[in-house]
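First comes the structure, then the notes that go with it.
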């Protein structure tokens with residue numbers, strides 16, 4: 001709160017001084033404590049960037065070794081039980097699984113690259129505050145959750161005179177007809 005001298009109280013030292021308001025937390029800081037505040041913001045940005053790097057490694061592992069071995073094994077078992085009549089359907093199911101996984105991971109990678117660019121720009125321009133840091137962290141958390149949804153691919157076995165195989169991919173129903 002401004003006094004008759006036009007000065008306000010620093011939120012850290014509670015002394016009446018010329019202060020600057022932080023655009024993120026909207027608190028008043030004297031020159032001495034404004035630097036400390038910026039250092040704390042830099043530490044928080046460092047932590048977000050470190051978490052981003054760890055997430056990047058995890059994403060790279062998923063790209064290099066997609067975790068859909070169980071899905072392929074189930075497709076192969078179905079193929080063996082149904083013999084040659086449904087080999088074409090098994091091949092189509094593999095393509096859907098691989099394409100969907102690739103597209104899903106690619107979309108996450110695009111979003112992570114955007115976050116990376118935003119973080120770099122904020123760091124380079126020294127243009128960030130608590131609001132930006134919270135947004136960066138929330139976006140990183142959203143991307144982590146999206147990557148965990150990758151395991152939501154499962155087999156939907158339909159029953160008919162000729163067995164069909166179908167995949168449920170991220171809430172969408174895809175199927176491939178076997179030749180009759």
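Data table
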read-out: Failed criterion for residue 155 (all others in (1) surrounded by 14 or more Cβ atoms within 10 Å (Cβ to Cβ); (2) in a helix (DSSP H, G or I); (3) modelled with pLDDT under 80 hold); value: (2)
read-out: Any helices (runs of 4 or more DSSP H) falling wholly within region 41-150 and containing at least 1 residues that are more than 22 Å from the chain's Cα centre (by Cα) and surrounded by 12 or more Cβ atoms within 10 Å (Cβ to Cβ); value: 69-82, 87-125
read-out: Residue match in region 127-148 (condition: modelled with pLDDT under 90 and out of contact with any helix residue (DSSP H, G or I) (no Cβ under 8 Å at 6 or more places or on another chain)); value: yes
read-out: Options 6, 35: the member that is out of contact with any helix residue (DSSP H, G or I) (no Cβ under 9 Å at 6 or more places or on another chain), modelled with pLDDT under 95 and outside any loop (DSSP other than H, G, I, E, B); value: 35
read-out: Region 42-62, residues that are over 17 Å from residue 141 (Cβ atoms) and modelled with pLDDT of 95 or more; value: 42, 43, 46
read-out: Region 14-32: number of residues that are surrounded by 12 or more Cβ atoms within 10 Å (Cβ to Cβ) and outside any loop (DSSP other than H, G, I, E, B); value: 9
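The values are calculated or read from the model by the stated rules, or taken from the named source; none is laboratory data. Quick caveat, the model's predicted, so the values are computed rather than measured. FYI the Cβ positions are ideal-geometry reconstructions off the backbone, even for glycines, and counts take in every protein chain you see.
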